[in-house]
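In what follows, a structure is listed as C-alpha coordinates, so that the remarks can point back to it.
The values are calculated or read from the model by the stated rules, or taken from the named source; none is laboratory data. Note that the structure is predicted; figures quoted are calculated from it, not measured. Note that each Cβ is placed from the backbone with ideal geometry, even for glycine, and that neighbours are counted across all protein chains shown. What goes into the accessible areas is simple: the full protein's heavy atoms, side chains included, and nothing from ligands, DNA or RNA. Shrake-Rupley method; radii C 1.70, N 1.55, O 1.52, S 1.80 Å.
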Amino acid sequence: MEACLWITPKMFDDLRDPAPGMAAFFDHHAAWLSDRPVTVVFCAGNGDHVLNYAGGHAWDDRFDWARYNCFALGPGGPAAIARAHNRDWLARVRDGGERSANPYSAGPMFALSDQPMDYRTLAGIYAAVRAEAGRRGLRVNLLEYLEPGPEFCRSEWKTVRHPEAAAGSADAGGHLVPGVIDVTAPLSADPRPYAAFPSGIPSGLPAGDFVAAQTAAFAADFGLDGVMLGNQFGLVGFWHPDNAPPLTPERSAGIERFFVRLREAMGERLVYWMDTYWRAEVERAAWGMTDTAYQTLDAILVSTFAVLVERTEIVPNLLSKAALGRPRALLGLDFVDPWYWYRTYLDDRRTYLYQREVLAAHAASVAGVSFFANDTFGHFVPEAELTATLEVVRKGEIGAATRL
(Lines give C-alpha, C1' and ligand atoms only; values in the text may rest on other atoms or scores of the structure.)
Protein backbone atom coordinates (compact mmCIF):
# COMPACT_ATOMS: atom_id res chain seq x y z
CA MET A 1 0.00 0.00 0.00
CA GLU A 2 1.08 3.53 -0.74
CA ALA A 3 1.85 5.77 2.24
CA CYS A 4 0.65 9.33 1.66
CA LEU A 5 1.86 11.56 4.50
CA TRP A 6 0.94 15.22 4.90
CA ILE A 7 3.32 17.69 6.55
CA THR A 8 3.23 21.44 7.23
CA PRO A 9 5.89 24.11 7.92
CA LYS A 10 5.07 23.86 11.63
CA MET A 11 7.42 20.89 11.87
CA PHE A 12 10.48 23.14 11.28
CA ASP A 13 12.18 25.14 14.02
CA ASP A 14 13.72 27.37 11.34
CA LEU A 15 12.01 27.66 7.95
CA ARG A 16 15.32 28.64 6.34
CA ASP A 17 17.08 25.57 7.69
CA PRO A 18 14.64 22.69 7.08
CA ALA A 19 17.24 19.91 6.88
CA PRO A 20 17.12 18.93 10.60
CA GLY A 21 13.34 18.78 10.53
CA MET A 22 13.30 16.64 7.40
CA ALA A 23 15.86 14.25 8.88
CA ALA A 24 13.70 13.91 11.99
CA PHE A 25 10.61 13.30 9.84
CA PHE A 26 12.25 10.50 7.87
CA ASP A 27 13.68 8.97 11.04
CA HIS A 28 10.33 9.02 12.83
CA HIS A 29 8.49 7.43 9.90
CA ALA A 30 11.25 5.11 8.70
CA ALA A 31 9.14 1.96 9.07
CA TRP A 32 6.32 3.55 7.08
CA LEU A 33 8.55 4.70 4.24
CA SER A 34 10.34 1.48 3.36
CA ASP A 35 9.15 -1.15 0.88
CA ARG A 36 6.16 0.85 -0.34
CA PRO A 37 5.35 3.82 -2.62
CA VAL A 38 5.67 7.10 -0.72
CA THR A 39 3.92 10.41 -1.32
CA VAL A 40 4.56 13.53 0.75
CA VAL A 41 1.92 16.25 0.61
CA PHE A 42 3.41 19.55 1.73
CA CYS A 43 0.80 22.01 2.99
CA ALA A 44 2.46 25.42 3.03
CA GLY A 45 -0.89 27.12 3.54
CA ASN A 46 -4.30 26.76 1.95
CA GLY A 47 -3.04 27.00 -1.62
CA ASP A 48 -3.53 30.74 -1.94
CA HIS A 49 0.21 31.06 -2.52
CA VAL A 50 -0.21 28.85 -5.59
CA LEU A 51 -3.00 31.02 -6.97
CA ASN A 52 -1.14 34.30 -6.27
CA TYR A 53 2.21 33.10 -7.63
CA ALA A 54 3.54 35.63 -10.17
CA GLY A 55 6.36 33.54 -11.60
CA GLY A 56 10.08 32.89 -11.23
CA HIS A 57 10.95 36.58 -10.88
CA ALA A 58 8.81 36.80 -7.72
CA TRP A 59 10.50 34.25 -5.47
CA ASP A 60 11.16 36.91 -2.84
CA ASP A 61 7.44 37.70 -2.52
CA ARG A 62 6.09 36.84 0.91
CA PHE A 63 2.82 35.06 1.69
CA ASP A 64 1.00 33.96 4.79
CA TRP A 65 1.38 30.32 5.74
CA ALA A 66 -0.49 27.81 7.90
CA ARG A 67 1.12 28.93 11.16
CA TYR A 68 -2.12 29.15 13.14
CA ASN A 69 -4.27 26.92 15.25
CA CYS A 70 -7.83 27.60 14.11
CA PHE A 71 -7.32 30.58 11.82
CA ALA A 72 -10.36 32.87 11.87
CA LEU A 73 -11.40 36.11 10.19
CA GLY A 74 -13.34 39.00 11.65
CA PRO A 75 -13.27 42.74 12.32
CA GLY A 76 -10.03 44.29 13.55
CA GLY A 77 -6.44 43.10 13.38
CA PRO A 78 -5.08 39.62 14.15
CA ALA A 79 -4.92 40.22 17.92
CA ALA A 80 -8.53 41.47 18.07
CA ILE A 81 -9.75 38.58 15.93
CA ALA A 82 -7.98 36.03 18.13
CA ARG A 83 -9.25 37.65 21.32
CA ALA A 84 -12.86 37.63 20.08
CA HIS A 85 -12.61 34.05 18.84
CA ASN A 86 -11.01 32.82 22.04
CA ARG A 87 -13.54 34.62 24.23
CA ASP A 88 -16.30 32.85 22.31
CA TRP A 89 -14.44 29.52 22.52
CA LEU A 90 -13.97 29.81 26.28
CA ALA A 91 -17.62 30.72 26.84
CA ARG A 92 -18.95 27.89 24.69
CA VAL A 93 -16.44 25.11 25.27
CA ARG A 94 -14.64 25.52 28.57
CA ASP A 95 -17.28 27.40 30.59
CA GLY A 96 -20.25 26.16 28.58
CA GLY A 97 -19.16 22.53 28.32
CA GLU A 98 -19.65 22.17 24.56
CA ARG A 99 -17.74 19.12 23.36
CA SER A 100 -19.13 17.68 20.16
CA ALA A 101 -19.51 20.64 17.82
CA ASN A 102 -16.84 22.27 15.67
CA PRO A 103 -15.62 24.90 18.16
CA TYR A 104 -14.51 22.13 20.53
CA SER A 105 -12.66 20.35 17.76
CA ALA A 106 -11.09 23.54 16.43
CA GLY A 107 -9.87 24.92 19.73
CA PRO A 108 -8.48 28.38 20.50
CA MET A 109 -6.84 30.60 17.92
CA PHE A 110 -3.11 31.27 18.20
CA ALA A 111 -0.13 31.68 15.88
CA LEU A 112 2.65 29.16 16.41
CA SER A 113 5.30 31.22 14.59
CA ASP A 114 6.05 34.70 13.30
CA GLN A 115 8.70 33.52 10.84
CA PRO A 116 8.20 34.99 7.36
CA MET A 117 7.60 32.73 4.37
CA ASP A 118 8.45 33.51 0.76
CA TYR A 119 8.74 31.41 -2.39
CA ARG A 120 12.51 31.09 -2.11
CA THR A 121 12.14 29.68 1.41
CA LEU A 122 9.44 27.31 0.18
CA ALA A 123 11.71 26.11 -2.63
CA GLY A 124 14.35 25.38 0.00
CA ILE A 125 11.88 23.22 1.92
CA TYR A 126 10.94 21.27 -1.20
CA ALA A 127 14.67 20.76 -1.89
CA ALA A 128 15.18 19.49 1.66
CA VAL A 129 12.49 16.82 1.12
CA ARG A 130 14.22 15.69 -2.09
CA ALA A 131 17.69 15.73 -0.53
CA GLU A 132 16.77 13.73 2.56
CA ALA A 133 14.83 11.17 0.53
CA GLY A 134 17.78 10.86 -1.85
CA ARG A 135 20.21 10.28 1.02
CA ARG A 136 18.06 7.38 2.14
CA GLY A 137 17.58 5.93 -1.32
CA LEU A 138 13.84 6.62 -1.29
CA ARG A 139 11.73 7.64 -4.28
CA VAL A 140 9.23 10.14 -2.92
CA ASN A 141 6.49 11.87 -4.87
CA LEU A 142 6.19 15.45 -3.60
CA LEU A 143 2.84 17.24 -3.92
CA GLU A 144 1.68 20.69 -2.83
CA TYR A 145 -1.74 21.17 -1.25
CA LEU A 146 -4.47 23.28 -2.85
CA GLU A 147 -7.50 24.05 -0.68
CA PRO A 148 -10.69 25.48 -2.24
CA GLY A 149 -11.61 27.49 0.85
CA PRO A 150 -10.15 30.11 3.20
CA GLU A 151 -9.19 27.94 6.18
CA PHE A 152 -5.73 27.78 7.81
CA CYS A 153 -4.32 31.23 6.86
CA ARG A 154 -5.09 34.43 4.96
CA SER A 155 -6.51 34.00 1.46
CA GLU A 156 -5.90 37.07 -0.66
CA TRP A 157 -6.82 35.52 -4.01
CA LYS A 158 -10.05 33.93 -2.78
CA THR A 159 -11.30 36.70 -0.49
CA VAL A 160 -9.80 39.94 -1.89
CA ARG A 161 -8.70 39.55 -5.50
CA HIS A 162 -11.51 37.34 -6.78
CA PRO A 163 -14.47 37.12 -4.41
CA GLU A 164 -16.72 36.82 -7.49
CA ALA A 165 -15.46 33.23 -7.79
CA ALA A 166 -16.28 32.38 -4.18
CA ALA A 167 -19.61 30.57 -4.01
CA GLY A 168 -19.49 29.21 -0.50
CA SER A 169 -18.16 29.52 3.04
CA ALA A 170 -16.07 27.30 5.29
CA ASP A 171 -16.68 26.71 8.99
CA ALA A 172 -13.45 27.66 10.73
CA GLY A 173 -13.89 27.01 14.42
CA GLY A 174 -17.57 27.85 14.44
CA HIS A 175 -17.30 30.94 12.24
CA LEU A 176 -18.36 30.92 8.59
CA VAL A 177 -15.60 32.38 6.45
CA PRO A 178 -16.40 33.21 2.79
CA GLY A 179 -14.03 32.30 0.01
CA VAL A 180 -14.70 28.79 -1.40
CA ILE A 181 -13.80 28.64 -5.09
CA ASP A 182 -16.51 27.76 -7.61
CA VAL A 183 -14.60 26.44 -10.62
CA THR A 184 -17.57 27.20 -12.91
CA ALA A 185 -17.67 30.92 -12.03
CA PRO A 186 -16.37 33.52 -14.52
CA LEU A 187 -13.53 35.71 -13.26
CA SER A 188 -13.34 39.47 -13.43
CA ALA A 189 -10.47 41.00 -15.37
CA ASP A 190 -7.28 41.19 -13.32
CA PRO A 191 -4.23 43.08 -14.62
CA ARG A 192 -1.80 41.54 -12.11
CA PRO A 193 0.76 39.10 -13.54
CA TYR A 194 0.45 35.42 -12.73
CA ALA A 195 2.79 32.57 -13.65
CA ALA A 196 0.28 31.14 -16.12
CA PHE A 197 -1.12 34.53 -17.16
CA PRO A 198 1.78 37.03 -17.23
CA SER A 199 -0.44 39.67 -18.85
CA GLY A 200 -3.19 39.19 -16.29
CA ILE A 201 -6.50 37.33 -16.18
CA PRO A 202 -8.95 38.14 -19.00
CA SER A 203 -12.54 38.92 -18.09
CA GLY A 204 -14.87 35.93 -18.16
CA LEU A 205 -12.20 33.24 -17.84
CA PRO A 206 -13.70 30.32 -15.90
CA ALA A 207 -12.12 30.07 -12.46
CA GLY A 208 -11.37 26.41 -13.11
CA ASP A 209 -9.37 27.26 -16.22
CA PHE A 210 -7.24 29.67 -14.19
CA VAL A 211 -6.71 27.20 -11.35
CA ALA A 212 -5.70 24.43 -13.77
CA ALA A 213 -3.15 26.51 -15.66
CA GLN A 214 -1.79 28.27 -12.57
CA THR A 215 -1.38 25.02 -10.61
CA ALA A 216 0.51 23.42 -13.47
CA ALA A 217 2.80 26.44 -13.82
CA PHE A 218 3.55 26.41 -10.09
CA ALA A 219 4.29 22.67 -10.09
CA ALA A 220 6.61 23.04 -13.08
CA ASP A 221 8.55 26.00 -11.64
CA PHE A 222 9.13 24.24 -8.31
CA GLY A 223 9.78 20.78 -9.75
CA LEU A 224 6.86 19.16 -7.94
CA ASP A 225 5.40 15.78 -8.80
CA GLY A 226 1.83 16.99 -8.54
CA VAL A 227 -0.96 18.48 -6.46
CA MET A 228 -3.36 17.36 -3.76
CA LEU A 229 -6.77 18.99 -4.22
CA GLY A 230 -8.34 19.31 -0.78
CA ASN A 231 -11.88 19.35 0.58
CA GLN A 232 -13.84 18.23 -2.50
CA PHE A 233 -12.16 20.83 -4.73
CA GLY A 234 -14.47 21.63 -7.63
CA LEU A 235 -17.67 20.60 -5.85
CA VAL A 236 -19.20 23.57 -4.03
CA GLY A 237 -21.20 22.92 -0.86
CA PHE A 238 -19.05 21.32 1.79
CA TRP A 239 -19.45 17.90 3.34
CA HIS A 240 -23.15 17.07 2.90
CA PRO A 241 -25.24 16.61 -0.27
CA ASP A 242 -27.90 18.97 1.10
CA ASN A 243 -25.31 21.76 0.89
CA ALA A 244 -24.70 21.31 -2.84
CA PRO A 245 -26.06 24.06 -5.12
CA PRO A 246 -28.85 23.17 -7.58
CA LEU A 247 -27.40 20.79 -10.14
CA THR A 248 -27.69 21.78 -13.77
CA PRO A 249 -26.14 20.31 -16.92
CA GLU A 250 -24.08 23.50 -17.21
CA ARG A 251 -22.66 23.13 -13.69
CA SER A 252 -21.77 19.48 -14.23
CA ALA A 253 -20.12 20.35 -17.56
CA GLY A 254 -18.15 23.14 -15.89
CA ILE A 255 -16.94 20.80 -13.18
CA GLU A 256 -15.84 18.21 -15.74
CA ARG A 257 -14.12 20.94 -17.76
CA PHE A 258 -12.03 21.90 -14.72
CA PHE A 259 -10.78 18.37 -14.08
CA VAL A 260 -10.06 17.77 -17.78
CA ARG A 261 -8.20 21.08 -18.11
CA LEU A 262 -6.18 20.33 -14.98
CA ARG A 263 -5.25 16.89 -16.29
CA GLU A 264 -4.16 18.37 -19.60
CA ALA A 265 -2.15 21.14 -17.95
CA MET A 266 -0.44 18.82 -15.46
CA GLY A 267 0.58 16.29 -18.09
CA GLU A 268 2.34 13.37 -16.39
CA ARG A 269 2.29 15.07 -12.98
CA LEU A 270 0.01 13.60 -10.33
CA VAL A 271 -3.46 14.86 -9.43
CA TYR A 272 -4.80 13.61 -6.09
CA TRP A 273 -8.26 14.62 -4.89
CA MET A 274 -9.87 14.60 -1.45
CA ASP A 275 -13.50 13.57 -1.84
CA THR A 276 -16.77 14.73 -0.26
CA TYR A 277 -17.00 11.96 2.41
CA TRP A 278 -19.81 10.45 0.30
CA ARG A 279 -19.95 7.58 -2.17
CA ALA A 280 -19.45 8.16 -5.89
CA GLU A 281 -23.13 7.85 -6.78
CA VAL A 282 -23.97 10.65 -4.33
CA GLU A 283 -21.18 12.81 -5.70
CA ARG A 284 -22.59 12.35 -9.18
CA ALA A 285 -26.24 12.94 -8.25
CA ALA A 286 -25.83 15.80 -5.77
CA TRP A 287 -22.67 17.65 -6.79
CA GLY A 288 -22.35 16.86 -10.49
CA MET A 289 -19.11 14.88 -10.47
CA THR A 290 -18.72 12.86 -13.68
CA ASP A 291 -17.06 9.62 -14.70
CA THR A 292 -14.77 11.56 -17.01
CA ALA A 293 -13.70 13.79 -14.12
CA TYR A 294 -12.91 10.77 -11.94
CA GLN A 295 -10.78 9.28 -14.70
CA THR A 296 -8.55 12.36 -14.81
CA LEU A 297 -7.36 11.66 -11.25
CA ASP A 298 -4.44 9.52 -10.13
CA ALA A 299 -5.76 8.94 -6.61
CA ILE A 300 -8.79 9.76 -4.48
CA LEU A 301 -8.51 10.28 -0.75
CA VAL A 302 -11.54 8.54 0.75
CA SER A 303 -12.23 11.04 3.52
CA THR A 304 -12.89 9.62 6.97
CA PHE A 305 -11.94 12.50 9.29
CA ALA A 306 -13.78 11.87 12.53
CA VAL A 307 -14.91 15.47 13.02
CA LEU A 308 -17.09 15.27 9.90
CA VAL A 309 -17.69 11.76 8.59
CA GLU A 310 -20.91 9.78 8.78
CA ARG A 311 -19.45 6.50 10.04
CA THR A 312 -22.04 4.46 8.17
CA GLU A 313 -20.82 6.04 4.92
CA ILE A 314 -17.14 5.04 5.23
CA VAL A 315 -17.35 1.50 3.83
CA PRO A 316 -19.85 2.28 1.02
CA ASN A 317 -17.70 5.26 0.05
CA LEU A 318 -14.49 3.23 0.00
CA LEU A 319 -16.04 0.45 -2.05
CA SER A 320 -17.57 2.89 -4.54
CA LYS A 321 -14.22 4.60 -5.12
CA ALA A 322 -12.35 1.32 -5.40
CA ALA A 323 -14.89 0.18 -7.99
CA LEU A 324 -13.88 3.07 -10.26
CA GLY A 325 -10.66 1.21 -11.10
CA ARG A 326 -8.85 4.45 -11.85
CA PRO A 327 -8.05 6.46 -9.74
CA ARG A 328 -6.46 4.58 -6.83
CA ALA A 329 -8.39 4.69 -3.56
CA LEU A 330 -6.45 5.98 -0.52
CA LEU A 331 -8.10 5.48 2.84
CA GLY A 332 -7.84 8.43 5.19
CA LEU A 333 -6.62 7.64 8.70
CA ASP A 334 -6.95 10.04 11.63
CA PHE A 335 -4.30 10.69 14.26
CA VAL A 336 -4.00 14.46 14.71
CA ASP A 337 -4.78 17.64 12.79
CA PRO A 338 -2.04 20.11 11.79
CA TRP A 339 -4.45 23.06 11.88
CA TYR A 340 -6.62 22.33 14.94
CA TRP A 341 -5.92 21.14 18.45
CA TYR A 342 -7.92 17.89 18.67
CA ARG A 343 -6.20 14.51 18.75
CA THR A 344 -8.47 11.85 17.27
CA TYR A 345 -6.70 8.92 18.91
CA LEU A 346 -7.70 10.48 22.26
CA ASP A 347 -10.79 12.60 21.54
CA ASP A 348 -12.73 10.21 19.28
CA ARG A 349 -11.18 6.83 19.99
CA ARG A 350 -14.25 4.98 18.75
CA THR A 351 -14.03 6.41 15.22
CA TYR A 352 -10.25 6.15 15.28
CA LEU A 353 -10.42 2.40 15.92
CA TYR A 354 -13.26 1.96 13.43
CA GLN A 355 -11.09 3.41 10.65
CA ARG A 356 -8.55 0.69 11.34
CA GLU A 357 -11.25 -1.99 11.44
CA VAL A 358 -12.33 -0.86 7.98
CA LEU A 359 -8.75 -1.03 6.76
CA ALA A 360 -8.36 -4.56 8.10
CA ALA A 361 -11.65 -5.79 6.63
CA HIS A 362 -11.36 -4.12 3.23
CA ALA A 363 -7.62 -4.04 2.56
CA ALA A 364 -8.17 -5.52 -0.89
CA SER A 365 -10.01 -2.32 -1.86
CA VAL A 366 -7.36 0.01 -0.45
CA ALA A 367 -4.45 1.10 -2.66
CA GLY A 368 -2.91 3.21 0.07
CA VAL A 369 -3.43 5.11 3.28
CA SER A 370 -3.14 8.82 3.97
CA PHE A 371 -2.69 10.77 7.20
CA PHE A 372 -1.50 14.04 8.74
CA ALA A 373 2.01 13.42 10.06
CA ASN A 374 2.36 16.49 12.30
CA ASP A 375 -0.05 18.14 14.71
CA THR A 376 -0.95 21.77 15.26
CA PHE A 377 2.18 22.26 17.38
CA GLY A 378 4.47 20.75 14.74
CA HIS A 379 4.98 17.49 16.64
CA PHE A 380 4.83 14.11 14.91
CA VAL A 381 2.23 11.44 15.63
CA PRO A 382 3.20 9.43 18.74
CA GLU A 383 5.30 6.40 17.84
CA ALA A 384 3.03 3.90 19.59
CA GLU A 385 0.01 4.95 17.49
CA LEU A 386 2.02 4.84 14.27
CA THR A 387 3.37 1.38 15.08
CA ALA A 388 -0.03 -0.08 15.93
CA THR A 389 -1.58 1.30 12.75
CA LEU A 390 1.30 0.08 10.58
CA GLU A 391 0.66 -3.40 11.95
CA VAL A 392 -2.89 -3.18 10.61
CA VAL A 393 -1.57 -2.05 7.23
CA ARG A 394 0.89 -4.95 7.03
CA LYS A 395 -1.70 -7.54 8.02
CA GLY A 396 -4.06 -6.09 5.45
CA GLU A 397 -1.40 -6.31 2.75
CA ILE A 398 -0.73 -9.95 3.62
CA GLY A 399 -4.45 -10.77 3.65
CA ALA A 400 -5.08 -9.01 0.35
CA ALA A 401 -2.16 -10.84 -1.26
CA THR A 402 -3.43 -14.17 0.04
CA ARG A 403 -6.89 -13.56 -1.42
CA LEU A 404 -5.32 -12.77 -4.79
With every protein chain in place, the accessible area of E250 for a 1.4 Å probe, in Å² rounded to the nearest 10, comes to 130 Å²
Per its Cα gyration tensor (rounded if a/c is under 1.5, else prolate when a/b beats b/c, else oblate), region 270-375 is best filed as prolate
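Can you tell me the order of 112-124, 261-273 when each peptide is scored by its average per-residue count of other Cβ atoms within 10 angstrom, highest first? Before the final figure, lay out each step's value.
On the way: 112-124: 16.2, 261-273: 19.0.
The peptides rank, most packed first, as 261-273, 112-124.
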Once I398, I300 are ranked on solvent-accessible area with the largest value leading and a 1.4 Å probe, the list reads I398, I300
Candidates for Rg and Dmax of the Cα atoms in Å are (1) 20.4, 74; (2) 38.3, 135; (3) 20.1, 60, and the calculated one carries label (3)
Expressed as a percent, the portion of alpha-carbon pairs in region 44-87 spaced more than 17 Å apart is 47 percent
For region 304-314, Karplus-derived ³J(HN,Hα) couplings (6.51, -1.76, 1.60; θ = phi - 60°; whole Hz; x for glycine and proline) come out as 9, 4, 4, 6, 10, 6, 7, 4, 5, 8, 4
Other residues with Cβ under 15 Å from the Cβ of Y272 give, with Lys and Arg +1 and Asp and Glu -1, a net charge of -2
With the label point 7 Å along the Cα-to-beta-carbon line of A30 and a cut-off under 19 Å to each amide N, the hits in region 134-149 are 134-140
Bridge orientation stat for the chain from DSSP, antiparallel percent rounded to 5, came to 30 percent
Counting Lys and Arg as +1 and Asp and Glu as -1 over every other residue whose Cβ sits under 11 Å from the Cβ of V366, the net charge comes to 0
Quick calc, D13 & A54: beta-carbon distance into FRET formula, R0 22 Å, rounding 0.05, result 0.15
Residues meeting the amide H criterion for Y68 (H placed from the backbone, H to H distance under 5 Å, 5 or more places apart or on another chain) are L112
Using alpha carbon centers only, region 265-342 is separated from region 24-65 by a whole-angstrom value of 21 Å
Along region 209-214, Karplus-curve 3J(HN,Hα) (6.51, -1.76, 1.60; θ = phi - 60°) to the nearest Hz, with x for Gly and Pro, reads 5, 5, 4, 4, 5, 5
Measure of exposure for R83: accessible area at 1.4 Å probe, Å² rounded to 10, is 140 Å²
On the formula 1/(1 + (r/R0)^6), with r taken between the Cβ atoms of N243 and S113 and R0 of 41 Å, the FRET efficiency rounded to 0.05 is 0.75
By accessible area (1.4 Å), largest first, W32, W278, W341 order as W341, W278, W32
Partner aspartates and glutamates whose C-alpha sits under 15 Å from that of K321, ignoring same-chain residues fewer than 8 away, are D275, E281, E283, D291, D298, E313
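By per-residue mean of other Cβ atoms within 10 Å, what is the highest-first order of 126-139, 284-297? Spell out each step's value before the answer.
Working: 126-139: 14.6, 284-297: 18.6.
In descending order of packing, they fall as 284-297, 126-139.
Taking a ≥ b ≥ c as the square roots of the eigenvalues of the Cα gyration tensor of region 168-238, is the shape rounded (a/c under 1.5), prolate (a/b larger than b/c) or oblate? Provide the component values of the computation, followed by the final result.
Numbers: a/c = 2.17, a/b = 1.34, b/c = 1.62.
It comes out oblate by the Cα gyration axes.
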The size of the Cβ-based charge dipole (Lys, Arg +1; Asp, Glu -1) of the chain about the Cα centre, to the nearest 20 debye, is 420 debye
Listed by chain and number, the residues whose amide H is under 5 Å from that of A185, excluding neighbours fewer than 5 places away on the same chain and using placed H, are A207, G208
